[in-house]
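Following: one structure in structure tokens, then a few remarks.
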Amino acid sequence: MHYYDYLVVGAGLFGAVFAREMKLHSKSVLVIDKRGNIAGNIYTENIEKIHVHKYGAHIFHTNSKIAWDYVNQFASFNRFTNSPIANYRGEIYSLPFNMYTFNKIWGVITPEQAKAKIESQRKSSGIKTPSNLEEQAISLVGVDIYEKLIKGYTEKQWGRPCCELPAEIIKRLPVRFTYDNNYFNALYQGIPDNGYTEIIKNMLDGIEVKLNCDYLENKSELESVAEKIIFTGNIDAYFDYRLGALEYRTVNFETEILNDTDNFQGNAVVNYTDKDTPFTRIIEHKHFYPGLETSSTVVTREYSAEFTRGDEPYYPINNAKNTALYEKYRDLSRNIPNVIFGGRLGEYKYYDMDTVILRALELAQKES
Ligand code: UDP
């Protein structure tokens, strides 16, 4: 086999950005992936003329002009703005938590009234310094919103009580005292016109890619094909779980083509925030493309579940126990300087796409 400067394990966003940058620096790169397709979890597939997010909905959003300009080299983006709604036992609420939400839940009209309501609920809860997700959520939006829009959804999503989850998870969501349903506080936002797979395909243009190739199953052969290895899979799997297994959440997707309707739910994302509905959300993919006219529609129900070996890992569970274990794996990785771990799985971090791009660019700069 040919000898390369870099072997990139995983043809997802991190691996593709890194590979592309190293190729620009005239390095030889081989990218492999255990799946039969490129693009990792941002893979999209065309079904009924609709780009379907096969491994969960991805909405590109960033405050970084660098990340935005970078990704726009590989695709054109539409003007989609994420405004999910919450369905709590048939009651519809606006997300993220904003004046529309406060009005619907309490009948308040002004920001001052909403703030007073939250403050009084926070006071009666007795929480001073929030130490977990439950306390953080109640401090931010009060107990009514916590009970209806956060508790059920979060416990389904993470499979753990809110009081055992890190406060950081809920800080991803903006709380606004304006009538603004834009889910993200991001300067730039959109969905690629031709889906995400095309972005990765363009990044990997001219780079050797081998699919259906599992690094860990062929380690003895593959570890010597390159000077350095970029590993974007689970860091605990790389070390054969020798210090114990890190926990992840997986998601099971139930995708349906509906031929008898062209508009199922009137929105791209509807969260089911009660505890009894077994799925967390329904995605209607065509609504990621405002104005797209099709005679049918494609919907996906997302069921969150605990990851067991053999599943696809989606979310790291960054609580104290896992963080401590991850740090031990990271220390181990420092003993093998020719292998670099990157991406959401390699770094065991709840990264969004823009951060993944920036991290890969940073690494590429360091390597060149
Ligand atoms: N969340 C919630 N209710 C919602 C939406 C989100 O309580 O209707 C909480 C939940 O804990 C979730 C977190 O906010 O895990 C982050 O949500 P985000 O939409 O960022 O999750 P992702 O899209 O990455 O799954």
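The values are calculated or read from the model by the stated rules, or taken from the named source; none is laboratory data. Quick caveat: nothing in here was measured; it's all calculated off a predicted structure. All Cβ positions, glycine included, derive from the backbone under ideal geometry; neighbour counts span all protein chains shown.
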> Could you say whether any residue in region 285-296 is of a type in the set (Lys, Arg) and either touching a Phe, Trp or Tyr at 6+ places or on another chain (Cβ under 6 Å) or closer than 18 Å to Asn194 by Cα (or both)?
Replying inline: yes
> Which residues, taken from region 231-259, are in a loop (DSSP other than H, G, I, E, B) and either at pLDDT below 95 or acidic (Asp, Glu) (or both)?
Replying inline: Asp240, Glu247
> What tally of residues in region 143-156 results from selecting those that are more than 11 Å from the ligand (Cβ to nearest atom) and either in contact with a strand residue (DSSP E or B) (Cβ under 8 Å, 6 or more places away or on another chain) or closer than 23 Å to Thr250 by Cβ (or both)?
Replying inline: 0
> Taking the stated definitions as given, is Thr197 more than 16 Å from the ligand (Cβ to nearest atom) and part of a helix (DSSP H, G or I)?
Replying inline: yes
> Does Phe184 satisfy the criteria of being within 20 Å of Met353 (Cα to Cα), crowded, with 17+ Cβ neighbours inside 10 Å and within 16 Å of the ligand (Cβ to nearest atom)?
Replying inline: yes
>> Quick check on Arg89: is it surrounded by 15 or more Cβ atoms within 10 Å (Cβ to Cβ), out of contact with any strand residue (DSSP E or B) (no Cβ under 6 Å at 6 or more places or on another chain) and more than 23 Å from Ile317 (Cβ to Cβ)?
In response: no
> Cβ-Cβ below 9 Å, separation at least six or inter-chain, first residue in region 157-173 and under 20 Å from Phe184 (Cα atoms) and more than 10 Å from the ligand (Cβ to nearest atom), second of a type in the set (Gly, Ala, Ser) and in a loop (DSSP other than H, G, I, E, B): which pairs?
Replying inline: Ala167/Ser131
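Would you confirm, using the coordinates I've provided, whether Asn335 is closer than 22 Å to Lys219 by Cβ, without any contact (Cβ under 8 Å) to a residue 12 or more places away in the chain and either within 16 Å of the ligand (Cβ to nearest atom) or polar (S, T, N, Q) (or both)?
Yes; evaluated as a whole, the condition is true for this residue.
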